[in-house]
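Notes to accompany the following structure.
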Amino acid sequence: SLLNIIAFFPFIKEPFNRGWRLYVLKAVALDEEVKVPSFIYVFSFFFKGMVLIFSRFIYFIPLFLVALLSGYKVLGIVKEIGVFLWDKWVKADINTMNYLEFFVKKIVPQFGIEVVIQLVVLTLYLVFVWPVYRIIMIRYALGNCNWAGFFDPKEIKSAIQTFKNNASLIYGIYSFTLALDVFVLLIASSITFFTFGFLIWAMPVFYLLFRHWIKGYAYGILAKELIKKSQI
């Protein structure tokens, strides 16, 4: 099948799946028939999927930078632990603190601060940035904006207002898709494990139907509700 052929080309598969999900979103939102993907739409789905991957990467650059800087500081903490343990091993008199005192007074506070910073930034992204990105994604799928809409201040401002007016609805769909990702990953891992990898050839179809189709349908329902409320 088309999906099994595409599965041999990972750099095509992920953009294609995301592009097809946009197609499902639009079809559900506009009450159109959802058709099985065919070669006719491969390039269209691939291009739209690449737009999503690129846009998501740009949106998450600040988060990546925070994680990178924080990770660098964590490496410094690991180095500090290594030096302390070495001093204790060679019985140097440089550090007079005992093990418990060292970890409680120096390591725990430093490591705790880095964990808190990462959790705060990640939470801000999950709670505010990600929903706004998804609203623009819906507008893009419906043809209300082009790829540049993800970075257009007017589109972002409009998406923020839509989010503020429909936060409970958007969070509901958003929570469902997050739970779906976890569930599908567990099921796929279980299938691969218990069949000793013999059904790995069926995974492209499994992910397309039980992850991308369902998520596309969920976002389509969200889009339909937003259309009814004249929010998009």
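At what distance in nm do the modelled label points of LEU63 and LYS106 sit from each other, each positioned 7 Å from its Cα along Cα→Cβ?
3.4 nm
Between LEU169 and LYS157, what is 0.36 nm times their sequence separation minus the Cα-Cα distance? Round to one decimal in nm.
So the chain would gain 2.5 nm between LEU169 and LYS157.
May I ask you to derive the FRET efficiency for THR177 and ALA148 from their Cβ-Cβ distance with R0 = 25 Å, giving the value to the nearest 0.05?
0.50
Which is the longest part of the chain that has none of the chymotrypsin sites (Phe, Trp or Tyr not before Pro) sitting in a DSSP loop with at most 13 other Cβ atoms within 10 Å?
It runs 9-195.
With Cβ to Cβ distances under 10 Å as the rule, what net charge do the other residues near LEU180 carry (K, R +1; D, E -1)?
Residues near LEU180 contribute +1 overall.
Please check: in the Gaussian network model of the chain (C-alpha springs, under 10 Å), which one of GLY49, GLY172, GLY112 has the largest mean-square fluctuation.
Checking each option, the largest mean-square fluctuation is seen for GLY112.
How high is the FRET efficiency from SER189 to VAL127, r the C-beta distance, R0 30 Å, rounded to 0.05?
Computed FRET efficiency for SER189 and VAL127 comes out at 0.60.
Across the range 222-232, in residue order, what do the Karplus-derived ³J(HN,Hα) couplings come to in whole Hz, using 6.51 cos²θ - 1.76 cosθ + 1.60 with θ = phi - 60° and x for Gly and Pro?
Taking θ as phi minus 60°, the curve returns 4, 4, 4, 5, 5, 5, 4, 8, 6, 8, 9 Hz for the range 222-232.
Counting only C-alpha contacts under 8 Å and six or more residues apart, can you give the relative contact order of the chain as a whole percent?
31 percent
Given R₀ = 35 Å, FRET efficiency for ILE221-LYS79 by Cβ-Cβ distance, to 0.05?
0.10
For a quick check, take a GNM of the chain with Cα springs below 10 Å and name the residue from LEU222, LEU30, LEU22 with the largest mean-square fluctuation.
LEU30
Of the residues LEU208, LEU63, LEU85, which exhibits the maximal mean-square fluctuation in a Gaussian network model of the chain defined by a 10 Å Cα contact cut-off?
In the Gaussian network model the winner is LEU85.
Looking at the P(r) of the chain, how many percent of alpha-carbon pairs lie beyond 29 Å?
Of all Cα-Cα distances in the chain, 45 percent exceed 29 Å.
Among VAL129, VAL66, TRP147, which residue has its Cα positioned farthest towards the positive end of the charge dipole of the chain, with +1 placed on the Cβ of Lys and Arg, -1 on the Cβ of Asp and Glu, and the dipole taken about the Cα centre?
TRP147
By how many degrees, 0 to 90 and rounded to 10, does the Cα axis of helix 167-194 deviate from the longest principal axis of the chain?
It is inclined by approximately 80 degrees.
Add +1 for every Lys or Arg and -1 for every Asp or Glu among the other residues with Cβ under 14 Å from the Cβ of ALA29, and state the total.
+4
7 Å from Cα along Cα→Cβ at both VAL116 and GLU32: what's the point-to-point distance in nm?
5.1 nm
Only helical DSSP H runs with n ≥ 4 go in: add -39500 (n - 2.57) per run for the chain, normalise by residue count and round the 222 nm mean residue ellipticity to 500 deg cm²/dmol.
-23500 deg cm²/dmol
FYI, it's all coordinate maths here, none of it is from the lab. Computed from a predicted structure; not experimentally measured. Note that we place each Cβ from the backbone using ideal geometry, even for glycine, and neighbour counts take in every protein chain shown.
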